[in-house]
Amino acid sequence: MRLSFFGLGYVGTVYAIGFSSMGFKVIGYDIDRERVRLLGLGKSPFHEPYLVEALESSIRSGCLEVTSDWRRAISDSAITFITVGTPSKKDGSINLQYVVSASKAIGKALRDKPKRSHVVVVKSTVIPGTTMGIVKATLERESGLRAFDDFGLAMNPEFLKEGSALEDFRQPDRILIGANDRRTMDRLCKVYASFKSPKILTNIPAAELIKYANNAFLAMKVSYINMIANLCQKTPGVDVKAVAEAIGIDKRVGSQFLKAGAGWGGSCWPKDLAALKSYGRSLGVELPLISATMEVNISQPNKVITLVEELIGDINGKRIAILGLAFKPNTDDIREAVSIRIIQELIRKGAKLAVYDPAAMSNMKRFMGEITIDYPDSAKECLRNADCAVIVTEWEEFKKIAPEDFQQLMRNPSLVDGRRIYDPGKYESKLKFRAIGLGT
Ligand code: UDX
C-alpha cells in the first residue's frame with residue numbers, strides 16, 4: 001500500500017519517515033522546493049532526535065521519495081494524508097487555507113485515478129465539521145467524484161511530541177481513526193496493523209474533537225500546576241515539586257504533565273486552544289476552563305521576571321543570562337516559546353541580554369533580527385559577568401552546571417530556576433536562588 005503525505009512540515013516529515021522506515025513505500029509532497037531538495041539529500045529541516053538517521057536510511061532504501069509534483073504524489077499512492085499546517089487567524093479562529101488548497105490539488109489529481117482506488121485522510125488538526133464540510137466539498141467539486149462511493153475519506157489525528165516524535169510515532173498511546181464507512185476504516189486499520197497500540201475507531205467529527213480535547217486537557221494540566229506553583233511560591237516551606245509528586249501519585253490524576261515552570265508554548269497548544277475557544281464561541285458554548293488555561297499561561301512568564309526583580313532589584317542596565325530558548329528541550333523550535341516573551345519584557349525593562357540554547361540559536365537570531373542581544377557559544381560563556389541567570393528551557397546540559405560554576409562566572413551569582421531543574425538545597429547555600437513554585 002503506497003502512502004503519500006501532502007505537506008512536509010513537522011508532522012508530515014515525521015510520518016513520512018516513520019512509515020517508510022517500516023518498509024512502506026512513501027511519497028512526500030511539499031510546495032516548498034528548497035525543503036523538498038534538502039529532504040531528498042537526507043537533510044532534516046528541523047532538529048529532532050534520530051530523525052536524520054531514519055531519513056537517510058529511508059532515502060537510501062528507496063522507500064521514501066520526496067517531490068514537488070503533487071499530481072505524481074497522488075497518482076503514485078493509494079492513501080494520501082493531508083499534513084499541512086492549520087495556523088490561527090488574527091481572531092484566534094482556525095485558518096484552513098492550506099487544508100483547502102491541499103484538498104483542491106488532491107481533488108484535481110483524483111480525476112485521473114480509477115474510482116474506489118484512493119483514500120484521503122485528514123491528519124492536520126482541524127475543528128469538528130471541517131473534514132465532512134469544506135474538505136469533502138472541495139474534493140468532490142475538484143474531482144467530480146463522490147466521497148465514500150468513489151473515494152474514501154477519513155480523519156486520523158496525530159499526537160506527536162516534538163523532541164520524541166519518532167518514538168511517539170512508533171509507540172503511540174493510541175491510534176485514533178475517524179471514518180464513516182467500513183471500507184475506509186478497514187484500509188486504515190491495515191495501514192496501522194503492525195502497531196501494538198490500542199486503536200480507537202470512531203466517526204470523523206469525533207476524531208476531530210478528540211484531538212482538541214486531548215491537547216486542551218494537557219495544557220490545562222500544566223496551567224493548573226503553574227497556578228498551584230504560584231500559590232506555593234507565596235507559602236513558606238512549600239515546594240510545588242513535592243505537591244506535584246504527591247498529587248501525581250493518585251492514579252486518577254497521573255504524574256505526567258505536572259511539571260511547573262515558566263509556561264507552555266510550541267506550535268500546537270497555543271493555536272489549538274485559541275481555535276477551540278473560537279469554535280465554542282461560534283456554537284454559543286462557553287469554555288471557561290480553556291480561557292483560564294490560556295490566562296494562566298499568559299501571566300506565567302511574568303512570574304519569572306518578578307523572581308529576577310526579587311533577586312537583583314531594578315533590572316535596568318543589568319546583564320541577564322537566559323539559558324534555554326526552544327519552547328522545550330530537544331528541539332530547535334521557538335514558535336510561541338516562553339523565552340520570547342521573557343526576552344521582550346526584560347529588554348523593555350532595560351536589561352542587557354546574553355542568551356544561549358544548544359539548538360535554537362539561529363532560529364532566535366533570525367526572529368530577533370536587529371535587536372541587540374549577545375549570542376555566546378556556550379552556556380558558561382553566557383553566564384560570564386551576568387547579574388542574574390534564568391533557566392527558561394530544561395536542557396540536560398544545563399542540569400550539569402554546578403553552583404560553583406555560577407559563582408565563578410557571574411558578576412553577581414544569582415539564579416532563577418524557571419524549570420525546576422536544580423536541587424534548591426545545593427544552590428541556595430552558594431548563590432542567591434529563587435525558583436518557580438518554591439516558597440521561601
Ligand atoms: C503537544 C502534544 O503533547 C502533542 O500530543 C500534540 O500532537 C502537539 O502538541 P508538543 O507541542 O511537542 O506536543 O509539546 P509538549 O511536550 O506537549 O509540551 C508543550 C508545552 O508544555 C512545552 O512548552 C512544555 O515545556 C510545556 N510543559 C509540558 C510543561 O511546562 N510542563 C509539563 O509538565 C509538560
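The values are calculated or read from the model by the stated rules, or taken from the named source; none is laboratory data. Note that the coordinates shown come from a computational prediction; the quantities given were computed from them, not determined experimentally. Methodologically, a virtual Cβ is constructed for each residue, glycine included, from the backbone with ideal geometry; neighbour enumeration extends over all protein chains shown. Just the protein is used for accessible areas: all its heavy atoms, side chains included, with ligands, DNA and RNA removed. Shrake-Rupley method; radii C 1.70, N 1.55, O 1.52, S 1.80 Å.
Name the single residue that is farthest from the ligand (Cβ to nearest atom) among those in the range 154-178 being touching a Ser or Thr at 6+ places or on another chain (Cβ under 7 Å), touching a residue at least 40 places away in the same chain (Cβ under 8 Å) and within 19 Å of A16 (Cα to Cα).
By that ranking, first place goes to A154.
Looking at Y427, Y375, which is the one that is open to solvent by less than 20 Å² (accessible area, probe 1.4 Å) and among the hydroxyl-bearing types (S, T, Y)?
Y427
Which ranges mark the helices (runs of 4 or more DSSP H) fully within the range 228-317 that have 3 or more residues being away from the ligand (no atom under 16 Å from the Cβ) and open to solvent by 60 Å² or more (accessible area, probe 1.4 Å)?
Per the criteria, 269-283, 288-312.
Across the range 329-360, what is the number of residues that are open to solvent by 20 Å² or more (accessible area, probe 1.4 Å) and outside any loop (DSSP other than H, G, I, E, B)?
Summing the residues that are open to solvent by 20 Å² or more (accessible area, probe 1.4 Å) and outside any loop (DSSP other than H, G, I, E, B) in the range 329-360 gives 7.
Picking from E396, E370, which residue would you name as being under 23 Å from E336 (Cα atoms) and within 16 Å of the ligand (Cβ to nearest atom)?
Only one candidate qualifies: E396.
Considering every residue within the range 363-386, establish whether at least one is on the phi > 0 side of the Ramachandran plot and polar (S, T, N, Q).
The answer is yes; a qualifying residue exists.
Could you please find all residues in the range 416-427 being without any contact (Cβ under 8 Å) to a residue 60 or more places away in the chain and touching a Lys or Arg at 6+ places or on another chain (Cβ under 9 Å)?
Passing the criteria: D417, I421, Y422.
Within the range 2-97, considering only strands (runs of 3 or more DSSP E) that don't extend past its boundaries, which have at least 2 residues that are open to solvent by 20 Å² or more (accessible area, probe 1.4 Å)?
Correct list: 64-67.
Counting only residues that are of a type in the set (S, T, N, Q) and within 16 Å of the ligand (Cβ to nearest atom), which one in the range 99-126 is surrounded by the most Cβ atoms within 10 Å (Cβ to Cβ)?
Looking at the filtered set, the residue picked out is S124.
Looking at the range 179-194, I want the residues that are part of a strand (DSSP E or B) and have a partner that is small (G, A, S) with Cβ atoms under 7 Å, at least 6 apart or on another chain. Which pairs are those?
Listed pairs, sorted by first residue: A179/A154.
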